[in-house]
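Just below is one structure, and these are the notes that go with it.
The values are calculated or read from the model by the stated rules, or taken from the named source; none is laboratory data. Just so you know, these numbers come straight off a predicted model, no measurement behind them. As a convention, Cβ positions derive from the backbone with ideal geometry for all residues, glycine included, and neighbour counts pool all protein chains shown.
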Amino acid sequence: MTRIDVQGLTKRYGPDTVVEDLSFTVEPGQVTGFLGPNGAGKSTTMKMILGLAAPTRGSVTIGGRHHRDLPVPLTEVGALLDAGAVHGSRTAYDHLLALAVSNGLPRRRVDAVLARTGMEGVAGKRAGGFSLGMRQRLGIAATLLGDPRVLIFDEPVNGLDPEGIRWIRDFMRSLAHEGRAVLVSSHLMSEMAQTADHLVVIGRGRLIADTGMSDFLHAAEGDGSVLVRTPEPDSLARRLTTAGATVRDGHGNALLVSGMTSEDIGKLAAYHGVPLSELTPQRPSLEDAFMELTRDSVEYQGATA
């Protein structure tokens, strides 16, 4: 099984350190989300994985070999870093054919990837007239020409409509289910929450987290809070506060309670005869967890009103 191994990776441009002592692996059979604030070093790291930038220190291997040592790289790793990197006057078919021929791949692979990405109907159209979503599909088709076991995508859903986003999400999941190692960077937390199995989070070029999605969210829960709905919110709020809980008003008859478990809240309400219509532990979203974890690594902080 082929995986990506990043070991002690460091990249400096003059006095600026963009990536510092970064280590992680991208395992086959899962989608690894690569997250970080703007300027965190994600794109630079991806370029070093692909041999497009030389590390100052450390190493990256794909299936145990450096990218430069792969005899036919497209058969080992496919990457989409810029969907706009296509000759606009070429048809989709000719674009893919040129890539296939230059990598010694058979013509039948062009037909295969056009079919897999749903692009047979536009194969004869010029890429310059494609929508962003179709350019993304063309770029993904190109990554699959060599049937590689490793796929890398940099912000693949930026600017897409809901249909395009859903297609790419399902497509990346299908690639992982086939046993491929899939590395995806994105700023859309809601999409990563539905796509990634594992997360690698960096900030200012350093590793912040390398963990499974469920573990990442669980670690962000802390004491958590509980959503409580009752027709007697004022009465219950007083009793909860007296018991040591922190209570905030929600919408309508809802309370947000922290410092007590849902079980203890239920027992207290039952003891005092306060009826409850909802008692739900609140889970942080991936966006909430990400923002909390990276708040000290954001390069530019905006002012809040």
>> Among the residues in region 269-278, are any assigned to a strand (DSSP E or B), more than 30 Å from ALA40 (Cβ to Cβ), more than 17 Å from the chain's Cα centre (by Cα) and modelled with pLDDT of 90 or more?
In response: yes
>> So, in region 106-129, how many residues would count as being closer than 12 Å to LEU145 by Cβ and either touching a Phe, Trp or Tyr at 6+ places or on another chain (Cβ under 8 Å) or buried (at least 20 other Cβ atoms within 10 Å of the Cβ) (or both)?
In response: 5
> Has region 248-264 got any residue that is part of a loop (DSSP other than H, G, I, E, B), touching a residue at least 60 places away in the same chain (Cβ under 8 Å) and surrounded by fewer than 20 Cβ atoms within 10 Å (Cβ to Cβ)?
Replying inline: no
> Scanning for something in a loop (DSSP other than H, G, I, E, B) and buried (at least 22 other Cβ atoms within 10 Å of the Cβ), does region 187-196 turn up at least one residue?
Replying inline: yes
>> Name the residue that is surrounded by the most Cβ atoms within 10 Å (Cβ to Cβ), counting only residues in region 56-75 that are hydrophobic (A, V, I, L, M, F, W, C) and touching a residue at least 24 places away in the same chain (Cβ under 8 Å).
In response: ILE62
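The rows are residues; the columns are (1) within 15 Å of PRO148 (Cα to Cα); (2) touching a Cys at 6+ places or on another chain (Cβ under 9 Å); (3) assigned to a loop (DSSP other than H, G, I, E, B); (4) at pLDDT below 95.
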site	(1), (2), (3), (4)
MET1	yes, no, yes, yes
ASP5	no, no, no, no
LEU9	no, no, no, no
GLU20	no, no, no, no
SER23	no, no, no, no
THR32	no, no, no, no
ALA40	no, no, yes, yes
LYS47	no, no, no, no
ARG68	no, no, no, yes
> Hey, ALA237 hits all of (1) at negative phi; (2) in a loop (DSSP other than H, G, I, E, B); (3) of a type in the set (Gly, Ala, Ser) but one; which does it fall short on?
Replying inline: (2)
> Can you tell me which of GLY78, GLY139, GLY88, GLY133 is in a strand (DSSP E or B) and either surrounded by 12 or more Cβ atoms within 10 Å (Cβ to Cβ) or free of Cβ contacts under 8 Å to residues at least 24 places away in the same chain (or both)?
Replying inline: GLY78
